[in-house]
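Note sheet for the following structure.
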Amino acid sequence: MSRRARGVPVLALLGGLGLLVLVVVPVLALVVRAPWSDAGDLLGEQANREALRLSLVVSLWALVLSVLAGFPIAWVLARVEFPGRTLLRALVTLPMVLPPVVGGVALLVAFGRRGLVGQWLDDWFGIRLAFTTTAAVLAATFVSLPFFVVTVEAALRGTDRRYEDVARTLGARPGTVLRRVTVPSIRGALGAGSALAWARALGEFGATITFAGSFEGRTQTMPLAISRSLERGVGDAILLSLVLLGVSVAVLTSLRERWWSR
């Protein structure tokens, strides 16, 4: 057996051990320690049902905004040479490394009532974004957008552009090439990027509580409800965490089968 072949089981063992310690054991602990007898009463509370509904609404809107804004950004970063492209890429990916609470503070000083832009929105149009459901959507979009951009840009950079060149040679317009050639060739990346962006938006906490606050029925998403439930006991937090975990696993598994395999 070659040295390379002997090294594969060792890497597989290390990877399996890491998965067991960092993922399987914590999730199993949630299942084992959950007070299942209290699940019906807790999940029947209006505040918790509203938090779950709001989480889904906010995360789906964040996904829509991430796709609409992220695809043009990814295309420009992958296909257009211009001065400052490296800086733009760094700015786009910055929310991935920033502490979420820093992103929330940045949004607050930009779009708050007395923020750099928010004061003009308030004075001219009477629009107040901070501590509203819209603020929760913006916070979720802020942290989820880079995941979509990075995934789609990598796919665009890796596609064979000869197919696009052939389509243009045959007389296809740029919009037709984009719709009929480019997008189908990166369909899997679009699905994977969307899944990652949605999952990140669903679990957002720091930027949301800083920019949108935690108001029941308006900005209190499920992660904020879990934090609130810790004041009553860890059992409530475990059950709500399992609800969010179940929703995430169900959606990501279905998207994995439909999109990522492509």
* Only one residue in Leu22, Leu28 is part of a helix (DSSP H, G or I) and either exposed (fewer than 11 other Cβ atoms within 10 Å of the Cβ) or at pLDDT below 80 (or both), so which one is that? -> Leu22
* **Test for Phe211: is it out of contact with any Asp or Glu (no Cβ under 7 Å at 6 or more places or on another chain), more than 30 Å from Gly158 (Cβ to Cβ), surrounded by fewer than 17 Cβ atoms within 10 Å (Cβ to Cβ) and in contact (Cβ under 8 Å) with a residue 40 or more places away in the chain** => no
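State the number of residues belonging to the range 40-63 that are surrounded by fewer than 21 Cβ atoms within 10 Å (Cβ to Cβ) and more than 15 Å from the chain's Cα centre (by Cα).
Within the range 40-63, the first condition is being surrounded by fewer than 21 Cβ atoms within 10 Å (Cβ to Cβ), and the residues that meet it are 40-47, 49-50, 52-53, 56-57, 60-61.
Checking the rest, the ones that are also more than 15 Å from the chain's Cα centre (by Cα) come to 40-47, 49-50, 52-53.
Of the residues in the range 40-63, 12 are surrounded by fewer than 21 Cβ atoms within 10 Å (Cβ to Cβ) and more than 15 Å from the chain's Cα centre (by Cα).
Quick check, is Gly171 at pLDDT below 85 and part of a helix (DSSP H, G or I)? Quick ask: steps written out before the conclusion?
On the way: at pLDDT below 85: yes; part of a helix (DSSP H, G or I): no.
Here the answer is no, as Gly171 does not meet what is asked.
From the set of residues in the range 235-262 that are of a type in the set (A, V, I, L, M) and modelled with pLDDT of 85 or more, which is surrounded by the most Cβ atoms within 10 Å (Cβ to Cβ)?
Per the stated criteria, the residue is Leu240.
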* Asked: So which of Leu156, Leu108, Leu116 ends up being at pLDDT 90 or above and either in contact with a His (Cβ under 6 Å, 6 or more places away or on another chain) or within 19 Å of Ala62 (Cβ to Cβ) (or both)?
  -> Leu108
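The values are calculated or read from the model by the stated rules, or taken from the named source; none is laboratory data. The shown structure was predicted, so the numbers you read here are calculated from the model rather than taken from an experiment. Heads up, the Cβs are rebuilt from the backbone with ideal geometry, glycines too, and the neighbour counts pull from every protein chain shown.
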